[in-house]
1. Here are some conditions: (1) under 15 Å from Lys115 (Cβ atoms); (2) assigned to a loop (DSSP other than H, G, I, E, B); (3) modelled with pLDDT of 95 or more. Ala22 meets all but one. Which one does it not meet?
2. Quick one: what pairs do we get from the range 1-13, first residue in contact (Cβ under 8 Å) with a residue 40 or more places away in the chain and more than 18 Å from Val63 (Cα to Cα), second of a type outside the set (Val, Ile, Thr) and exposed (fewer than 13 other Cβ atoms within 10 Å of the Cβ), C-beta under 7 Å, 6+ apart or different chains?
3. Looking at (1) within 14 Å of the chain's Cα centre (by Cα); (2) buried (at least 16 other Cβ atoms within 10 Å of the Cβ); (3) among the polar types (S, T, N, Q), can you tell me which one Ser9 breaks?
4. If I filter the range 39-77 down to residues being assigned to a helix (DSSP H, G or I) and of a type outside the set (A, V, I, L, M), which single residue comes out as surrounded by the most Cβ atoms within 10 Å (Cβ to Cβ)?
5. Return only the number of the condition from (1) touching a residue at least 60 places away in the same chain (Cβ under 8 Å); (2) out of contact with any helix residue (DSSP H, G or I) (no Cβ under 8 Å at 6 or more places or on another chain) that Gly62 does not satisfy.
6. Please enumerate the residues belonging to the range 1-19 that are hydroxyl-bearing (Ser, Thr, Tyr) and either assigned to a loop (DSSP other than H, G, I, E, B) or closer than 15 Å to Ala118 by Cβ (or both).
7. Would it be correct to say that Gly62 is within 19 Å of Lys115 (Cβ to Cβ) and within 12 Å of the chain's Cα centre (by Cα)?
Amino acid sequence: MYNHVTVGSNDLAKSRAFFDAALAPLGMDCTPSESRLRYAGDGTVLVVLTPSNGEPATFGNGVTIGLRAATPEAVDAFYAGGMANGGTCEGPPGVRPGSPFRNYVAYMRDPEGNKFCALWPNPEYVRGLAPKAE
């Protein structure tokens, strides 16, 4: 279990617009300070900050931060809010073709290039009632 996830930003105002719009539908609220944004909800914390070493923020290649959504509509709102505030599409909301678990997901990158996923878990699969897709 993780305590928090941190991503870097080169422009906290731009990041705040993106994350406020994308994370509010997932129940995550912002507590800003001078050098960071702290989003918390349902026992999880995401911190967006300017790197303390003074170097530019960059994204991690191959890294995706997955956030759980309460409903498919929350996934849609996450995606719409982020895309309207500088996000770039990495996969629109829906069930991915060939997805073994049939979860409802959306993928996008924030203005700095960090990749995020909002996921509503398929309740039939979670409860063990649906077989894994082949």
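1. Going through the list (1) under 15 Å from Lys115 (Cβ atoms); (2) assigned to a loop (DSSP other than H, G, I, E, B); (3) modelled with pLDDT of 95 or more, Ala22 breaks only (2).
2. So the pair list comes out as Asn10/Pro56.
3. So Ser9 meets the others, but not (1).
4. Applying the filter and picking the extreme gives Asp76.
5. Result: Gly62 fails condition (1) only.
6. Selection gives Tyr2, Ser9.
7. For Gly62, the condition - within 19 Å of Lys115 (Cβ to Cβ) and within 12 Å of the chain's Cα centre (by Cα) - is not met.
The values are calculated or read from the model by the stated rules, or taken from the named source; none is laboratory data. In this text, all values refer to a predicted model and were calculated from it rather than measured experimentally. We place every Cβ from the backbone using ideal geometry, glycine too, and count neighbours over all the protein chains shown.
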